[in-house]
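Below is one structure; the comments refer to it alone.
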Amino acid sequence: MPLLEDLTVYEDGDRYDVYDHSFPDEDAELGRGRLLGEITVTPEGEYVPAGVGAVYPFIAPARTLDEALEAFVGSA
């Protein structure tokens, strides 16, 4: 399980790409680490996590980026 401080999040409009920079990926862009998934923002303002790393329960519907990130790290 990655720790919150191991994650790097890149914003691109209504989408956030979530990377684990503590786990190097040879095929990834330099400095980004392993891609865990993405969080998209719906028109209703919900943050929806998805991807191979989004395996932990989170409060749904997520209303903030922090709530959606729980899917990648679990709740503390």
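The values are calculated or read from the model by the stated rules, or taken from the named source; none is laboratory data. Remember, predicted model here, so these are calculated numbers, not experimental data. Cβ: placed from backbone, ideal geometry, glycine included. Neighbour counts: every protein chain shown. Quick note on the areas: whole protein, heavy atoms, side chains included, nothing else; ligands and nucleic acids left out. Shrake-Rupley method; radii C 1.70, N 1.55, O 1.52, S 1.80 Å.
Rounded to the nearest whole Å², what accessible area per residue is found for the chain with the 1.4 Å probe?
Counting only protein heavy atoms, the per-residue value for the chain is 64 Å².
Taking the Cα centre of segment 1-65 as origin, sum charge times position over the Cβ atoms of Lys and Arg (+1) and Asp and Glu (-1), and report the length of that vector in debye to the nearest 20.
It works out to roughly 240 debye.
Kirkwood hydrodynamic radius of the chain from all distinct Cα pairs, in Å?
Result for the chain stands at 12.3 Å.
Spelling out what I want: for every residue of segment 53-60, take phi, set θ = phi - 60°, compute 6.51 cos²θ - 1.76 cosθ + 1.60 (Karplus), and round to whole Hz; glycine and proline get x.
Computed from phi, the couplings for segment 53-60 are x, 8, 10, 9, x, 9, 6, 10 Hz.
Can you give me the % of accessible surface on the chain that is carbon or sulfur? Probe 1.4 Å, all protein chains present, nothing else counted.
52 percent
Taking amide H atoms as placed 1.01 Å from N in the peptide plane, list the residues 5 or more away in sequence, or in a different chain, whose amide H sits under 5 Å from that of Leu36.
Long-range HN contacts for Leu36: Val18, Tyr19, Asp20.
Quick one: which residues, 5+ away or cross-chain, put their amide H under 5 Å from the amide H of Phe58? H built at 1.01 Å from N.
none
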